[in-house]
1. What is the gain in length, in nm to one decimal, between residue 240 and residue 147 on full extension, counting 0.36 nm per residue of separation less the C-alpha to C-alpha distance?
2. Mind pulling the angle between the C-alpha long axis of helix 73-84 and the longest principal axis of the chain? Nearest 10 degrees, somewhere in 0 to 90.
3. Can you pull the three principal axis extents for the Cα set of segment 42-186, in Å, largest first?
4. From the phi angles alone, apply the Karplus equation (6.51, -1.76, 1.60; θ = phi - 60°) to segment 57-68 and give each ³J(HN,Hα) in whole Hz, x where the residue is Gly or Pro.
5. Given the options 70, 98, 124, identify the residue whose Cα lies farthest towards the positive end of the charge dipole of segment 63-149 (+1 on Cβ of Lys, Arg; -1 on Cβ of Asp, Glu).
6. Rounding to the nearest 20 debye, state how big the charge dipole of segment 42-186 is about its Cα centre with +1 on each Lys and Arg Cβ and -1 on each Asp and Glu Cβ.
7. Please turn the phi angles of segment 205-211 into ³J(HN,Hα) values with the Karplus equation 6.51 cos²θ - 1.76 cosθ + 1.60 (θ = phi - 60°), one per residue in order, whole Hz, x for glycine and proline.
8. Using only the Cα atoms of the chain, what are the Rg and Dmax in Å?
Amino acid sequence: MNAAQGVICSVAPGQLYQRLLKDRPLPEDVSTGLARFRYAKGDMQMHYALKAPPRWKSPELGKVTLLHLTPGLDGVSRASNECERGLLPAVPTICVGQPTALDPSRAPEGKAILWLQLPEAPRVIKGDAANEIAVPADGKWTDAVREAYADRIEAILASHIDGFRDNVIARRAYSPADLEAMNVNLVGGDPYGGFCGLDQFFLWRPFKSSVNHKTHVPDLYHIGASTHPGPGLGGGSGFLLAQSLG
Ligand SMILES: Cc1cc2nc3c(=O)[nH]c(=O)nc-3n(C[C@H](O)[C@H](O)[C@H](O)COP(=O)(O)OP(=O)(O)OC[C@H]3O[C@@H](n4cnc5c(N)ncnc54)[C@H](O)[C@@H]3O)c2cc1C
């Protein structure tokens, strides 16, 4: 068997430098970068199987494959701020994906699915902005907190859809902690591999000292959501590295 000429890692910085390379001393710029690296808000996901397509009170929404339920810009600002402060938002922004609006074959004939993303889910919960849900003293997500919060989401959703609850076959919710348990790369349920503020984005991602996806180990490269040019399904970092190696 031939030895690999190089290794490309698509993982979060903690996995690469503190786990996969844990036996190697780190240069100072990497240690500093790791200490400064921040993860972003957590994410929560909900999935519904429905007996029939949802009857939106605004019927035109039934044709939209991805819509957002929010009181508006102020609502997003408030929910985002509450989440940043560790609170379960009182009125969260709900991203509603309706895959079956575009492709009915994704559910059995006549039935439908909804895919909900809640992008304002605290990684560590300090309280509930609505003062309704009791949160554990250690701030960890539990099944009880997840389901109570999912009920809040469902109530908002149901206020926009006629007969929603009678139309539900099943609901499944995934808290930020559940997402991290399924993929160690989703630290605290952060779906984007680290905070995407300007100081930690593009050329400064993951660290200010990062250059062309190189690491301090020769022929070991770091790509993925935590690296330049940032997260998403576009595979930008791998594309850029392939070009430079090619
Ligand atoms: C719920 C959700 C919805 C999203 N929606 C969108 C969207 O609509 N559009 C969009 O563009 N982006 C979306 N994203 C973001 C997008 O999925 C990520 O930016 C992208 O998948 C990151 O790719 P990656 O290769 O960096 O990491 P990952 O896809 O997380 O892959 C890294 C892999 O490495 C594995 N790994 C980590 N550490 C180790 C280790 N030590 N040993 C072995 N294996 C390890 C992980 O288990 C994982 O399989 C979403 C993310 C989530 C979570």
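1. Extending this stretch completely gives an extra 29.4 nm.
2. 60
3. The Cα atoms of segment 42-186 stretch 45, 33, 26 Å along their principal axes.
4. 5, 9, x, 5, 5, x, 9, 8, 7, 9, 10, 10
5. Positive-end residue among those listed: 98.
6. Numbers: 16 positive and 19 negative charges, 58 e Å.
It works out to roughly 280 debye.
7. Whole-Hz 3J(HN,Hα) from phi for segment 205-211: 10, x, 10, 4, 8, 5, 9.
8. 20.7, 63
Every number in this text was worked out from the coordinates using simple rules, so none of it is lab data. Not measured: the values here are computed from a predicted model. We place every Cβ from the backbone using ideal geometry, glycine too, and count neighbours over all the protein chains shown.
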